[in-house]
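A short reminder: the numbers here are calculations on the coordinates, not readings from a lab. Remember, it's a predicted structure, so these values are computed and weren't measured experimentally. Cβ placement follows ideal geometry from the backbone for every residue including glycine, while neighbour counts extend to all protein chains displayed.
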Number of protein chains: 2
Amino acid sequence: MDNQLLSFTEENYLKIIYLLTERHNGNEVSTNQLAEHTQTKAASVSDMLRKLAEKNYINYRKYQGVTLTEAGEQIALGVIRKHRLWEVFLVEKLGFGWDEIHDIAEQLEHIDSKELTKRLDDFLENPKFDPHGDPIPDAKGKMPSVSYQKLSEIPLNQSVVMMGVSVHSPAFLQHLDKQQINLGCGLKVLEISDFDKSYSILLDGKTTIFVSNEVAKNLLVSIDE
Amino acid sequence: MDNQLLSFTEENYLKIIYLLTERHNGNEVSTNQLAEHTQTKAASVSDMLRKLAEKNYINYRKYQGVTLTEAGEQIALGVIRKHRLWEVFLVEKLGFGWDEIHDIAEQLEHIDSKELTKRLDDFLENPKFDPHGDPIPDAKGKMPSVSYQKLSEIPLNQSVVMMGVSVHSPAFLQHLDKQQINLGCGLKVLEISDFDKSYSILLDGKTTIFVSNEVAKNLLVSIDE
DNA sequence: ACAAAATTTTAGACTAATCTAAAAATATAT
DNA sequence: ATATATTTTTAGATTAGTCTAAAATTTTGT
Ligand SMILES: [Mn+2]
Ligand SMILES: [Mn+2]
Ligand SMILES: [Mn+2]
Ligand SMILES: [Mn+2]
């Protein structure tokens, strides 16, 4: 409604480039990685990269991967802001589980109306994090910086708070639900098994639970102070 | 999400065919009418009609206009249901005016998730009408029948209630806002001017207002009993 | 009834996004 | 260092949705 400058497809590419660049600490994203995340083939990605470079949304040197330009980053952050706000709506207002919302938000993130985004933000009382613990970029296009650590990198017996997840698959999230591991709960690693590197964790200072190494690597926490 | 059988474009065509057929009391819709409402050219419409007929969503005989098949009507009603539910959301929850919501709902109506529609409906407390007074089809794909009359067809001094509008343009809706004509208010035609066929109307039994014939023809009312 | 006007369809072309197969460039491994 | 493997790009098609111009059909007016 406001300007529909870009197609859904272009928005998705820019968003994915942003998230993968972030994940690689600012390093270039490769064609194959994009093909995997866009569910297309490398040839299709090459075409799209040429187009996005032409429009000055990405920095692209053939065979060398891509990063976003300032313009591209602003588009990406706008899409991510909408995605995360809608996820908050789906969970807080409609009662969806955090494992059910991703695909719906994947569609809602492309709704084009500045005013809608602004009113939605206010309706949700200007949330700073989405239901997976990911920070929500502000209306100016600034991404808040957060410093979470993987639970697998925390020393034994250090009390931490569960802040986010680095994998968003329904299977993983449902697994956490079953073990009652939620955002905000207190965690303390009691022991790591020599046998399979699985974790014994004290949950909320009350119950002891066991999680695989794979799970521990994908729990994001911060030191409890 | 659920099945994404149809493109946005196809959904829009089916919705428009439904609404125009309804407006013509079941008569066929012409290619040119569709071209006007889809903002395309007649040639493009012909192509799309061939395609929709092939998929059995419409009954189409060349040069004779189209109607929806049962399958096409179910798609159309699903889209209209979502459009109107989202309009209720925008007005009731986000505080938009009834003149600001159409273009946003035009996008939201294509979000594909049965579960989302169901939860949205419950969140809104299962509204039966949208902010323009239009009935909301139920989850089974049934459109409630309503019997509104144009204010211009009501005898003098008959008390009626404002139930809907037959034009949704922002300009018209804003005009009604300025005159404080809202859904649910009481109206009584006191006099029709010989000079320009404009109306003197008693509003809510209190104030007398004047509206043009053009306005009176687009106000939908029902007899107050 | 029939010519003129209006409407609708067809023909042929274009753009966006995708694909497969082949060619080019880069990375890796002895 | 150089052959082999991997990654990326290019070439050439395909599909959806749109367009303009021309042909076909229906409607209208006398
Ligand atoms: Mn998306
Ligand atoms: Mn999220
Ligand atoms: Mn629409
Ligand atoms: Mn409406």
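Miscellaneous remarks
- Here the simple spin-label model places points 7 Å from the Cα toward Cβ, and for residue A:197 and residue A:9 these points are separated by 4.0 nm.
- Shortest-first nm distances, residue A:56 label point to equivalent points in other copies (7 Å, Cα→Cβ): 5.3
- Modelled this way, with points 7 Å down the Cα-to-C-beta line, the labels at residue B:124 and residue A:209 are 3.7 nm from one another.
- Across the copies of the chain, residue B:186 has label points (7 Å from Cα along Cα→Cβ) spaced 6.3 nm apart, shortest distance listed first.
- Partner aspartates and glutamates whose Cα lies under 15 Å from the Cα of residue A:55, excluding those fewer than 8 positions away in the same chain, are identified as A:10, A:11, A:47, A:70, A:73.
- Proxy reagent accessibility, fewest Cβ within 10 Å first, across A:60, B:63, A:199: B:63, A:60, A:199
- In a simple Cβ point-charge model (Lys, Arg +1; Asp, Glu -1; nothing else charged), the protein assembly as shown has a dipole of about 760 debye relative to its Cα centre.
- By the count of other C-beta atoms within 10 Å, a proxy for reagent exposure, B:81, B:61 are ordered fewest to most as B:61, B:81.
- Taking every residue in A:104-112 and counting other chain Cβ atoms within 10 Å of its Cβ, the average works out to 4.
- Using a Förster distance of 25 Å, the FRET efficiency for residue A:222-residue A:92 (Cβ separation, nearest 0.05): 0.70
- Partner chain coverage, peptide B:119-130 - average Cβ within 10 angstrom: 1
- Simple Cβ-charge dipole of region A:80-225, Lys/Arg +1 and Asp/Glu -1, about Cα centre, in debye nearest 20: 300 debye
- Shortest-first distances to equivalent copies, position residue A:140, nm, label 7 Å out along Cβ: 5.5
- At R0 = 60 Å, FRET efficiency that the Cβ-Cβ distance of residue B:24 and residue A:42 yields, to 0.05: 0.70
- Among the listed pairs B:142/B:178; B:118/B:188; B:41/B:118; B:15/B:118; B:93/B:142, those whose Cα-Cα separation exceeds 31 Å are B:142/B:178; B:118/B:188; B:41/B:118.
- The loop-placed GluC sites (Glu not before Pro) in region A:89-190, going by DSSP, that have at most 15 neighbouring Cβ atoms within 10 Å of their Cβ come out as A:125.
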